[in-house]
Each structure stands twice: as C-alpha cells, then as structure tokens.
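Take a look at the structure set out below.
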Amino acid sequence: MISYKIKNLFLVYNITDYTGGENMKIISLVGARPQFIKEAVINRALKEKENITEIIVHSGQHYDVNMSDIFFTTLGINHPDYYMNVGSGRHGEMTGKIMIGFEEIVLKENPDAVLVYGDTNTTVAGALVAAKLKIPVYHVEAGIRQQPKDMPEEINRVITDRISQKLFCASQLSVENLKKENITEGVAFTGDVMNDLYKIMEKDFKYDIFSELGLEENNYILMTMHRDFNVDNPEKLEKIINQTEKISQEKEIVFSVHPRTKKRLESLKLTEKLKKVKIIEPIDYLNLMGLTKNSWKVITDSGGLQKECYFAGKKGIILMPDTGWRELIIKNWNTLADENNLYEKTFNTKNAEYPTGIFGNADAGKKIADLI
C-alpha cells in the first residue's frame with residue numbers, strides 16, 4: 001500500500017493491476033452513509049459481471065466511525081481503493097477539495113464511466129469532474145425533486161441529473177420528474193437499491209440497542225434529525241424540542257442524535273427538556289434497522305430513513321417542508337410535519353393501507369448492473 005499527498009488531500013491507493021482487455025472499468029464515488037448502503041448493493045451485483053471492474057473511491061465527506069467505516073465492515077462492502085480525507089467544511093470548500101482529489105484519481109485510472117449516488121457534495125463533485133473530462137456519468141437515485149429549491153441536496157441532484165448519461169430512478173415519479181424537465185434519454189426505472197438492501201439484510205438486523213434500552217415492541221418512537229433547516233435555526237430547533245418533549249409525555253422516544261444536532265442542543269441547553277427521551281449516539285445500520293422494525297413510528301428528516309421505515313412497515317413523520325419521496329406522502333403513508341405541528345401529526349396520521357411496489361421489487365442492483 002502506498003500513501004501519498006495530492007494538493008493537501010491524503011489518498012491511500014491499493015496497488016492493483018486493472019488492465020483487462022475488453023473489460024469495462026467503473027469508478028464508484030461514495031462519501032456519506034446512504035451512499036455506502038447503495039454501493040453495497042451495486043458492488044454485489046457488479047461482482048457477478050465478469051467483464052466489469054469496479055474501483056471504489058471514498059471522499060471522506062463523512063468520517064465518524066458510526067457513519068462511515070462501520071458500513072464497510074458490517075455490510076461487507078469492499079474497502080475503497082482510494083480514500084480522500086476531505087472531512088467536513090463549507091459547501092464550496094468541501095466540493096472543491098473533492099473535485100481536486102477526484103480529478104487526479106480519474107486521470108490516473110481513465111475509467112469508462114463514473115457512478116455517483118444520491119445528492120451530496122461528493123455526488124456533484126464527482127459528476128462535474130467526470131463530465132469535464134468527457135467521461136460518462138451514471139447517477140443512482142436520479143430524478144428526485146423537492147422544495148426548497150435552494151437546499152444543497154436539491155442543487156446537487158439537479159446539476160448531477162443534467163450532466164448524466166444514465167439516470168437510474170428509484171420510482172416512476174422520479175421518471176416523470178425528469179420527463180417534465182425534458183430529460184428522457186438514458187432514463188430507467190430500476191427500483192430502489194435501498195429496498196434491495198433491506199430485503200438482503202433483514203435476517204441480520206440487530207436488536208442489541210433495543211434490548212439494552214428495555215424497549216417494548218411497537219410502543220416507542222425512533223427519532224433522528226440533522227438537516228440544517230431544522231438544527232441551525234435556534235428558534236425553530238427549540239420549538240421542535242418543545243414538541244418532542246410533549247410527545248415524550250405520552251410515548252417513549254429513542255433519539256439517535258447526530259453530532260451536528262448534539263452540538264446545537266448542548267449550546268442552547270435544550271437537552272434539559274429531553275429528560276424523558278432516551279438519547280443515544282448514531283448507531284450502525286443493522287441496529288438502526290432493528291430499532292426501526294420494532295418501533296411504533298419514526299420521526300426523521302433523513303432521506304434514507306423515511307424510506308427504510310416504509311420498508312419496515314412503519315409510518316414516518318417527516319420533519320421537512322417537502323420530501324424527495326413524495327410517493328409516500330401521496331399514498332398517505334408518511335406525513336410531513338414542522339416545528340409547530342409535530343405533536344399533532346405524530347398522533348393524528350391518516351389511515352392508509354400499506355402501498356406496495358412503489359420502489360420496485362428489490363432487484364434494482366441487478367437491473368442497474370445489467371444496464372451498465
């Protein structure tokens with residue numbers, strides 16, 4: 001193994017001979033929790049293709065052990081061939097650092113395509129680098145649209161879709177969203193790789209945290225929150241915590257607190273209002289899914305978890321003004337909430353039969369690998 005520094009970014013490269021005649025070489029760029037999970041499914045499917053070599057690049061955008069390395073070990077994802085120690089920072093700074101480091105890797109490897117996932121700074125940085133080097137961009141989870149249009153994730157996904165050659169959509173609504181923007185070439189409804197992973201891993205879900213906390217099945221709420229529009233506004237955050245405190249008087253809450261949220265809660269002294277809430281550190285995917293599966297409902301602003309609770313057959317209360325997964329709102333399964341009505345929305349969700357097939361049939365990984 002060789003470590004070397006490129007323009008203030010430390011990269012680790014595992015020496016491998018990637019020559020392969022007619023083989024196709026794909027670079028998959030990941031950097032945040034949802035992308036690790038999606039990569040696990042794609043990696044599994046691509047391994048069955050003898051003529052495809054996949055190189056995994058980890059931007060290092062999320063570096064907390066429970067939010068990055070744990071997914072490589074727990075989910076059996078191949079360790080990255082390259083690691084860019086980007087870490088956190090301002091949006092422009094982070095995107096720029098990823099572009100600088102990733103461009104060096106792409107020039108060295110000369111892939112046939114670059115595969116990007118979701119809507120993070122890593123996603124748009126990778127797509128821009130590949131497009132400017134005239135290398136095809138393949139976007140997993142293309143076509144999602146939501147308000148507000150100035151949110152970082154929305155900006156990232158719109159730009160990425162505009163410069164992608166293959167757009168793999170998790171739902172039919174995503175296909176329709178792209179069609180409205182006159183993007184129809186290279187678009188495919190593959191289903192959601194998160195659905196694949198849920199079905200693959202369900203038998204391995206862990207219930208250690210569930211047991212340690214002494215929880216009762218179907219009688220507690222799992223809560224997560226990390227979005228800037230929820231945690232960076234002190235007045236709004238306090239209102240959300242006030243609503244959470246009110247809910248905790250009637251239903252037990254397990255709050256998995258993101259480092260960003262923890263910092264805000266402590267600085268505003270809001271943890272004092274959460275005495276009846278079971279506060280835990282971010283946990284690995286398998287324990288998180290165990291908590292989700294045994295919960296009554298889920299309160300979250302996570303794009304991934306609001307689908308995972310649907311896969312688990314649990315209703316989600318979504319702390320967002322809008323969601324990229326409008327399918328679940330339209331079907332009255334998930335419910336949008338805010339700092340003023342969180343309590344009401346939690347206890348007064350609409351009755352609805354479980355809507356099946358929204359995100360395909362748990363074979364998205366195979367479909368994407370075939371299309372590649």
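Could you check how many residues of the stretch 239-298 are under 27 Å from residue 333 (Cα atoms), more than 22 Å from the chain's Cα centre (by Cα) and part of a helix (DSSP H, G or I)?
Residues flagged as under 27 Å from residue 333 (Cα atoms), more than 22 Å from the chain's Cα centre (by Cα) and part of a helix (DSSP H, G or I) within the stretch 239-298 amount to 10.
When only residues in the stretch 259-283 that are in contact with a Leu (Cβ under 9 Å, 6 or more places away or on another chain) and in contact (Cβ under 8 Å) with a residue 60 or more places away in the chain count, which is nearest to residue 203 (Cα to Cα)?
283
Return the residues of the stretch 329-366 that are part of a loop (DSSP other than H, G, I, E, B), of a type outside the set (Ser, Thr, Tyr), in contact (Cβ under 8 Å) with a residue 24 or more places away in the chain and open to solvent by 50 Å² or more (accessible area, probe 1.4 Å); say none if nothing qualifies.
331, 340, 361, 363
Name the single residue, out of those in the stretch 286-309 being open to solvent by less than 10 Å² (accessible area, probe 1.4 Å) and hydroxyl-bearing (Ser, Thr, Tyr), that is farthest from residue 38 (Cα to Cα).
For the stretch 286-309, the residue satisfying everything is 295.
Scan the stretch 183-214 residue by residue and report those that are more than 15 Å from residue 288 (Cα to Cα), open to solvent by 30 Å² or more (accessible area, probe 1.4 Å) and at pLDDT 95 or above.
Across the stretch 183-214, the qualifying residues are 184, 185, 186, 187, 189, 214.
Is at least one residue of the stretch 99-114 modelled with pLDDT of 90 or more, open to solvent by less than 50 Å² (accessible area, probe 1.4 Å) and aromatic (Phe, Trp, Tyr)?
Yes, there is a match, as at least one residue in the stretch 99-114 is modelled with pLDDT of 90 or more, open to solvent by less than 50 Å² (accessible area, probe 1.4 Å) and aromatic (Phe, Trp, Tyr).
Scanning for something hydrophobic (A, V, I, L, M, F, W, C), at pLDDT below 65, under 23 Å from residue 140 (Cβ atoms) and open to solvent by 10 Å² or more (accessible area, probe 1.4 Å), does the stretch 57-65 turn up at least one residue?
Scanning the stretch 57-65 turns up no residue that is hydrophobic (A, V, I, L, M, F, W, C), at pLDDT below 65, under 23 Å from residue 140 (Cβ atoms) and open to solvent by 10 Å² or more (accessible area, probe 1.4 Å).
Give the residues of the stretch 215-242 that are open to solvent by 30 Å² or more (accessible area, probe 1.4 Å) and either at pLDDT below 95 or within 20 Å of residue 320 (Cβ to Cβ) (or both), sorted by residue number.
Answer for the stretch 215-242, where residues must be open to solvent by 30 Å² or more (accessible area, probe 1.4 Å) and either at pLDDT below 95 or within 20 Å of residue 320 (Cβ to Cβ) (or both): 226, 228, 229, 232, 233, 234, 235, 236, 238, 239, 242.
Do you know which residues across the stretch 147-172 are open to solvent by 20 Å² or more (accessible area, probe 1.4 Å) and in contact with a Gly (Cβ under 8 Å, 6 or more places away or on another chain)?
Of everything in the stretch 147-172, those that are open to solvent by 20 Å² or more (accessible area, probe 1.4 Å) and in contact with a Gly (Cβ under 8 Å, 6 or more places away or on another chain) turn out to be 153, 165, 166.
Pairs needed: first member in the stretch 149-169, at negative phi; second member anywhere, assigned to a helix (DSSP H, G or I) and modelled with pLDDT under 95; C-beta distance under 7 Å; at least 6 residues apart or different chains.
That search, which allows pairs on different chains as well, returns 152/91; 156/121.
One residue is enough: does the stretch 74-87 have a residue meeting the conditions in a helix (DSSP H, G or I), buried (at least 16 other Cβ atoms within 10 Å of the Cβ) and at pLDDT below 95?
yes
Could you please find all residues in the stretch 243-261 being at pLDDT below 95 and surrounded by fewer than 17 Cβ atoms within 10 Å (Cβ to Cβ)?
259, 260 - these are the residues of the stretch 243-261 that are at pLDDT below 95 and surrounded by fewer than 17 Cβ atoms within 10 Å (Cβ to Cβ).
Does residue 68 satisfy the criteria of being among the small types (Gly, Ala, Ser), open to solvent by less than 20 Å² (accessible area, probe 1.4 Å) and modelled with pLDDT under 90?
In short, yes.
Quick check, is residue 312 within 26 Å of residue 137 (Cβ to Cβ) and either under 21 Å from the mean Cα position of the chain (by Cα) or free of Cβ contacts under 8 Å to residues at least 60 places away in the same chain (or both)?
So residue 312 does not fit the description; no.
Can you give me the number of residues within the stretch 9-55 that are open to solvent by 20 Å² or more (accessible area, probe 1.4 Å), part of a strand (DSSP E or B) and modelled with pLDDT of 50 or more?
5
The values are calculated or read from the model by the stated rules, or taken from the named source; none is laboratory data. Since the model is a prediction, treat every value here as computed from it, not as a measurement. Here Cβ is always computed from backbone atoms with ideal geometry, including for glycine, and neighbour counts include all displayed protein chains. Areas reflect the complete protein model, heavy atoms only, side chains present, ligands, DNA and RNA absent. Shrake-Rupley method; radii C 1.70, N 1.55, O 1.52, S 1.80 Å.
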